[in-house]
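Undergrad: Sharing a structure below in structure tokens format, with a few things to ask.
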Amino acid sequence: MGEFSIFHWLIVLAIVLIFFGGRRIPEVMRGLGEGIRSFKEGMSGSHQQPSQPSNQPPADKAAEEKK
């Protein structure tokens, strides 16, 4: 009684396709994968640092320095 047959999985797949549609499923899976990856990085304590901004000063400050 606790086992799922192939027929049960086909019904579940059909319901998921009806609710989310074919185009939305990859977006949902991508978000789920990113969430799992973020969770694993948070648990291990090693995470990537955000990219460093360039060494060039903003345009406003560069214009003020020339004056």
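The values are calculated or read from the model by the stated rules, or taken from the named source; none is laboratory data. Since we're looking at a predicted model, the values are computed, not measured. As a convention, Cβ positions derive from the backbone with ideal geometry for all residues, glycine included, and neighbour counts pool all protein chains shown.
Undergrad: Give me the pairs, please: first residue somewhere in the stretch 28-40 and without any contact (Cβ under 8 Å) to a residue 40 or more places away in the chain, second residue anywhere and assigned to a helix (DSSP H, G or I), beta-carbon distance under 9 Å, and either six or more positions apart or on two chains.
TA: Correct list of pairs: 28/20.
Undergrad: Can you confirm whether residue 45 is on the phi > 0 side of the Ramachandran plot and modelled with pLDDT under 80?
TA: So residue 45 passes the test.
Undergrad: Does residue 23 satisfy the criteria of being at pLDDT 85 or above and not aromatic (Phe, Trp, Tyr)?
TA: no
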